[in-house]
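This report concerns only the one structure given below.
Read-outs throughout are calculated quantities, based only on the coordinates presented, and are distinct from any laboratory measurement. Predicted model only: the values in this text are computed from it and were never measured. With ideal geometry, Cβ positions are generated from the backbone for all residues, glycine too; neighbour counts draw on all protein chains shown.
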Amino acid sequence: MREILPRLPATRIPGVVEAIEGLVNVRGTLLTVLDGHVLLSQPRRAEDEGAIVVVEVGSRRYGLGVAQVVDFLEVPEHSIAERADLPGIDARLVKAVGIRDGVHFIVLDIDALVAPIIGT
Amino acid sequence: MDVAKYAALFLAESREHLSSCNQLLLEWEQDPAAADALGGLFRSIHTIKGMGATMGFTGVAELAHRMENLLDALRHGLVTVDVGTFQLLFQAVDALGRAVEDAAAGREGGSDAALTVALEAAAGGPPEGVADVATLVEGKRQHRRSTDAPRGRSVLIVIRGDAVMRGARAILAVRRAETLGVVSAVRPSLAQLEREEFDGRLAIRMESRASDEELAAIIRTAGEVEAVRFEEPSSWATAEPERHRQIRIDLDRLDRLMKQVGELIVAKNQLGVMAARSDDPPLTELSDRITRLVSGMQAEVIASRMTPVGEVFERFPRLVRDLSRDLGKRIRFDVEGEDIELDRSILDEIGDPLLHLIRNAADHGIEAPDVRQQAGKSAEGRILLAATRERNSVTLRVSDDGRGIDRAALLAKVRREGQSDATPETLSDDDVLRVIARPGFSTAATVSGVSGRGVGVDVAMTRVRALGGTLEIRSEAGRGTTFLIRVPLTLAIVRALLAEAGGERYAVPLAYVAETVEFDPRAVTALRNREALVVREQVLPTVHLRDLVNAGGRPAPARRPTVILEVGERRTALVVDALLGQQDIVVAPFDAPRGMPPYVGGATILADGAPALVLDAAALL
């Protein structure tokens, strides 16, 4: 993960899968933004402000459009478990699961998330 | 003397001479009776020998010396030239090229014993003067001293105009003078001597006990010294030499400059939008002024990057010569339009596609001499590499007068794959290209020997498309094949027309826009079951941008402009919802996601900061 940006207007790219939201202008450079809602099959909520999490996959950068950024966690190794089947989430996208303050969280496998849609 | 600096200069100049050696050898081989080339060859080799000796590169100097011996023997008619001599000279030029590269990189290798022996044998015996190469290097170190009282004076030194590495000579001359006294000033400065514009005239001020004659003699040992004059101090001020107005610039620096200008244009465009919105006359005026300044700067930067295509073309005559030898064919290779200029970065990328196409033409296009004669053609085939300038693009043409593409054979292969119902008569040039440009299109088993095209065409196609260019083919059975590469004059900054469709904006590079007309529903007709428009009595295939990009939004307006796209002789009509004017756009890199349609050529940031996609006209045709 590289940085977090506010939600930016995206230019649609015709012909590509729905999970690609489009291109945004980040301080003069172009960034392809993926739609986190579509990727994770989660419904959109009206009250969400939206944000873009910039991730680096290999040498390429992508934006991941999310509903909101809740918190940053530093997770001790022992508090996360190997991935488990979770209802409604594609198990291939889950790297690990954990619990903090009684709330479950998922560590996403970013490589797996973007792999099917990034170009060659 | 700073060896590293001069090594680069030595390398650059040696490469030029080696390239001209190849050229001269090729000419001479064409017409062995004409000895014009011999003189030029001798001079080039002699120059390389001199430079090698000056630099202390004995390997280079010795090899050049042996070549010189052979050339000298040829020049004086002591030995006669034959096929073997040419092959030997080509080999020697290649070996000298390697020796030069190695020496300049600071790793002088051993000499090629077999080549040395062959050169000696060809020259009619062992050379008389191997020792004098060592003397040549060593001889530059001698000097003398005198015992008169020190006397101040100004010395004007003129290095011969045709001397290579004038700067190195000049510095050497200064060093020589220093052995006889104290040099207190050098003009131009030592640093300026290393520049290209140094014209060979320098003045030094020194204190020395030596006589004028002794000083002149020691300075002359630097070599290539035309004149040494002793002048009154008053003439010092007028000794400033006239300058040539050229310097060498590192390509990376030009690239960075271009990138900065690109960003400046994006910023300028945004400023223009803000100024227009502000309703503030002074701001608008300033914005207009900045626009003009940036445009001027852009033109200058682009002009400074333009390089003649001849720089890439010059390596091909030798390639064709070697290929025709290996293939047992006779091929004449002609070049036209070498002085047409292209952006350096495009030029760097275009060599490879051309190489593939020329190799293809020699390998598969041109027939063996007996086959040609049976077909009623001259035994010697011809390959032409030509550059022509068009509006905003340059066309590079590789033509051969060989066998052309056998459409029947090509079709047979395609049919086996169950892909076509065309007949040889209806298979268009475009269809042919589509088949042979398929990655991995194999000629080995099926088409080779019949038409044999394809190897490398996919590579050429990919490279050319990556440059925003197009590749076309024209082929006629028995008459030959022509490949046309069309590339933009420059990358990075493109003048584009902004079009709107379904509320989205797209940029169409102006290089491919022939004109814009009003869409007239009454002019709609059909062409091969596809919608077409009649424009100026021409039936053009038609694409509606909003359908193409699958745009939603408001329904299309009643009055719609149509952009006529043109690539070569092919035209297509692109119907859009509205035109929003022209803009200089900087095509920005982005990682294309999987499934991005071929008609998206790139993306850019518009004046208002929003990203927009750039349409690739070639993919719409």
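For B:Ala35 and B:Thr516, FRET efficiency with R0 = 56 Å and r from the beta-carbon atoms, rounded to 0.05? After rounding, the FRET efficiency stands at 0.40.
What the Kirkwood sum gives for chain B is a hydrodynamic radius of 29.4 Å, with every pair of different alpha carbons counted. Using R₀ = 56 Å, calculate the FRET efficiency as 1/(1 + (r/R₀)^6) where r is the Cβ-Cβ separation of B:Glu120 and B:Glu476; round to 0.05. Calculated transfer efficiency: 0.60. Taken along the Cα-to-beta-carbon direction at a fixed 7 Å, the label points for B:Ala578 and B:Asp212 span 8.4 nm. The alpha-carbon atoms of segment B:151-239, seen along their principal axes, cover 33, 26, 18 angstrom, with the largest extent given first.
Once the Cβ-Cβ distance of B:Ser295 and B:Asp348 is raised to the sixth power relative to R0 = 30 Å, the FRET efficiency obtained is 0.70. Against the compact-protein benchmark of 2.2 N^0.38 Å, the Cα-based radius of gyration of segment B:3-139 scales to 0.99.
Quick check: residue separation of B:Val335 and B:Glu231 times 0.36 nm, minus the Cα distance between them. What number comes out in nm? Intermediate values should be presented prior to the final figure.
Numbers: separation 104, 0.36 × 104 = 37.44 nm, distance 5.18 nm.
Gain on extension, B:Val335 to B:Glu231, equals 32.3 nm.
Taking the empirical scaling 2.2 N^0.38 Å for compact globular proteins as reference, the protein assembly as shown has a Cα radius of gyration ratio of 1.25. Exposure proxy shown here: for B:Ile159, B:Ile358, the number of other Cβ atoms within 10 Å sets the order, fewest to most, as B:Ile358, B:Ile159. Figure legend: label point modelled 7 angstrom from the Cα of B:Leu286 along Cα→Cβ; no residues of segment A:26-60 have amide N under 19 Å from it. The count of lysine pairs in chain B whose Cα atoms are under 22 Å apart, excluding pairs fewer than 8 places apart on the same chain, comes to 5. Extension gain, B:His76 to B:Asp255: 0.36 nm times the residue separation minus the Cα-Cα distance gives 59.4 nm.
Label separation (A:Asp48 vs B:Asp430): 4.4 nm, computed from points 7 Å beyond Cα along the C-beta direction. All other residues whose Cβ lies under 14 angstrom from that of B:Glu300 are scored, Lys and Arg at +1 and Asp and Glu at -1, for a net of +1.
The label-point distance for B:Asp326 and A:Leu73, in a model that sets each label 7 Å from Cα toward Cβ, rounds to 6.1 nm. Rounded to the nearest 500, what is the 222 nm mean residue ellipticity of chain B from helices alone, with -39500 (n - 2.57) per DSSP H run of 4+ residues and division by all residues? Taking each H run of at least 4 residues, the total per residue is -13500 deg cm²/dmol. Its alpha carbons considered, segment B:284-390 gives a radius of gyration followed by a Dmax of 20.7, 74 Å. Computed from the C-alpha gyration tensor, the three semi-axes of the ellipsoid equivalent to segment B:513-563 are 19, 14, 11 Å, from longest to shortest.
Scanning chain B for GluC sites (Glu not before Pro) lying in DSSP loops with no more than 10 further Cβ atoms inside 10 Å, the longest uninterrupted stretch between such sites is B:243-416.
Taking Lys and Arg as +1 and Asp and Glu as -1, the other residues whose beta-carbon sits under 12 Å from that of B:Arg321 total +2.
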